[in-house]
Amino acid sequence: MSHSQTMQAEMRPDLYAGENADQMRPQWRTYCEGDMDGDFLDILTLDAKRFPPGTKVLVLEPCCPECGQVVECCRTDDECDFDWDEWVLDQYS
């Protein structure tokens, strides 16, 4: 099964944090497929303080073997009848 990258995150610290704008505060810069610009998050389930600047996290979602779309799009496509529930049971049971 192929995968499609739908999101990425990079630990890009705020170098002007604190009362005097002289402290570094770890934060994630996230980009999702279709976004015009990214968002800043303090926590992406992975605490940014545990990773050095420049660390990147990639989210790869499985693509439907029949229509080639990621799960969310495939499930809303009336023309594709791939059974994701059956696939999950087959893969992880």
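The values are calculated or read from the model by the stated rules, or taken from the named source; none is laboratory data. Remember, it's a predicted structure, so these values are computed and weren't measured experimentally. Backbone-built Cβ (ideal geometry, glycine too); neighbour counts: all protein chains shown. When the accessible area is computed, the model is the full protein with side chains, heavy atoms only, and any ligands, DNA or RNA have been set aside. Shrake-Rupley method; radii C 1.70, N 1.55, O 1.52, S 1.80 Å.
Under a point spin-label approximation (7 Å from Cα along Cα-to-Cβ), what is the Leu15-Trp87 distance to one decimal in nm?
My value for the distance between the label points is 4.3 nm.
What would the Debye formula give as log10 I(q)/I(0) at q = 0.15 Å⁻¹ for the alpha-carbon point model of the chain, no solvent?
Rounded to two decimals, the profile gives -0.72.
Explain nothing, just compute: Karplus ³J(HN,Hα) = 6.51 cos²θ - 1.76 cosθ + 1.60, θ = phi - 60°, for every residue of the range 16-22 in order, whole Hz, x for Gly and Pro.
Computed from phi, the couplings for the range 16-22 are 10, 7, x, 4, 9, 6, 10 Hz.
Determine the per residue accessible area of the chain with all protein chains present and a 1.4 angstrom probe, expressed in square angstrom.
75 Å²
About the Cα centre, and with charges only on the beta carbon of Lys, Arg (+1) and Asp, Glu (-1), how big is the dipole of the chain? Nearest 20 debye, please.
Here the chain has a charge dipole of around 860 debye.
For the range 1-45, what is the Kirkwood estimate of the hydrodynamic radius, computed as the reciprocal of the mean inverse distance between distinct Cα atoms, to one decimal in Å?
Final number for the Kirkwood radius of the range 1-45 is 12.0 Å.
Return the unpartnered cysteines for the chain, using a Cβ-Cβ cut-off of under 4.7 Å.
Cys32, Cys63, Cys73
Out of the total accessible area of the range 1-60 (probe 1.4 Å, heavy atoms of protein only), what percent is carbon and sulfur?
Heavy-atom surface of the range 1-60 belonging to carbon and sulfur, 1.4 Å probe: 50 percent.
Sorting check: for 73-80, 86-93, which peptide has the highest mean count of neighbouring beta carbons within 10 Å, and how do the rest follow?
Packing order, densest peptide first, comes out as 73-80, 86-93.
Based on the mean of other beta carbon atoms within 10 Å per residue, what is the order of 25-35, 46-56, most packed first?
25-35, 46-56
Label-point separation (nm) for Met24 and Asp78, each offset 7 Å from Cα along Cα-to-Cβ?
5.4 nm
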